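The values are calculated or read from the model by the stated rules, or taken from the named source; none is laboratory data. Keep in mind the model is a prediction, meaning the values are calculated, not measured. Virtual Cβ from ideal backbone geometry, glycine too; neighbours counted across all protein chains shown.
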């Protein structure tokens with residue numbers, strides 16, 4: 001029997017992603033089933049069920065590159081680009097983009113007053129959010145006198161290879177949030193976290209400004225693709241502050 005753009009409710013029970021999620025947990029769902037749950041309905045013009053449409057979305061994402069990491073391409077796919085897939089209107093595209101943003105925010109969320117004992121604590125929070133960004137973001141982690149997190153803020157967004165950040169932008173936020181110390185972090189879209197000469201020079205300027213203001217710069221993390229470099233672990237910040 002031909003299926004005319006079936007909704008999830010119209011699918012046979014064994015094919016319904018929602019029922020599979022309730023019975024076996026979200027981890028048991030395929031990528032297509034998760035997308036189908038978010039979109040809700042298929043493409044009646046082509047007689048495609050919502051699962052058929054979800055497969056078309058995956059095919060389209062796969063054509064953007066990324067090898068086996070197809071879903072990663074959703075991170076920088078716009079509503080307009082998704083609407084270019086037959087059967088995906090603005091409502092479905094908006095739902096997919098919103099779900100990706102929700103996941104990004106969950107990954108970046110820091111438990112209130114969580115304590116930072118080393119660079120791995122900061123990397124654990126920032127890496128998943130920053131590793132896929134297609135341009136450089138410069139973030140700061142604000143700490144109180146007990147090295148507990150007050151917040152994380154973006155202070156600069158740059159181009160593909162660099163972000164321009166000035167010490168005044170960093171310490172303006174530190175003063176506003178009454179931070180006693182700060183940890184710097186930015187990503188390398190290339191995936192290689194090796195610090196550049198510019199990274200070192202920027203860090204030196206920020207440390208010097210922090211010393212004048214009585215705000216400690218504890219570290220500068222450079223985030224790559226599921227990896228990071230800590231300038232403190234490399235001995236660079238220790239040398240500059242000693």
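Does segment 153-163 contain at least one residue that is touching a helix residue (DSSP H, G or I) at 6+ places or on another chain (Cβ under 7 Å), part of a loop (DSSP other than H, G, I, E, B) and at pLDDT 95 or above? Taking every residue of segment 153-163 in turn, none turns out to be touching a helix residue (DSSP H, G or I) at 6+ places or on another chain (Cβ under 7 Å), part of a loop (DSSP other than H, G, I, E, B) and at pLDDT 95 or above.
Exactly one residue out of 200, 206 is touching a strand residue (DSSP E or B) at 6+ places or on another chain (Cβ under 7 Å), in the same structural domain as residue 136 (by TED's automatic domain parsing) and in a helix (DSSP H, G or I): that is 206.
For residue 53, are the conditions met, namely being part of a helix (DSSP H, G or I), modelled with pLDDT of 85 or more and in contact with a strand residue (DSSP E or B) (Cβ under 6 Å, 6 or more places away or on another chain)? Against the criterion (part of a helix (DSSP H, G or I), modelled with pLDDT of 85 or more and in contact with a strand residue (DSSP E or B) (Cβ under 6 Å, 6 or more places away or on another chain)), residue 53 qualifies. If I filter segment 187-200 for residues that are touching a helix residue (DSSP H, G or I) at 6+ places or on another chain (Cβ under 8 Å) and closer than 19 Å to residue 151 by Cα, do I get at least one hit? Within segment 187-200 (the criterion being touching a helix residue (DSSP H, G or I) at 6+ places or on another chain (Cβ under 8 Å) and closer than 19 Å to residue 151 by Cα), the answer is yes, since at least one residue qualifies. For the residues 123, 98, the requirement of being in the same structural domain as residue 218 (by TED's automatic domain parsing) and either farther than 30 Å from residue 232 by Cα or modelled with pLDDT of 90 or more (or both) singles out 123.
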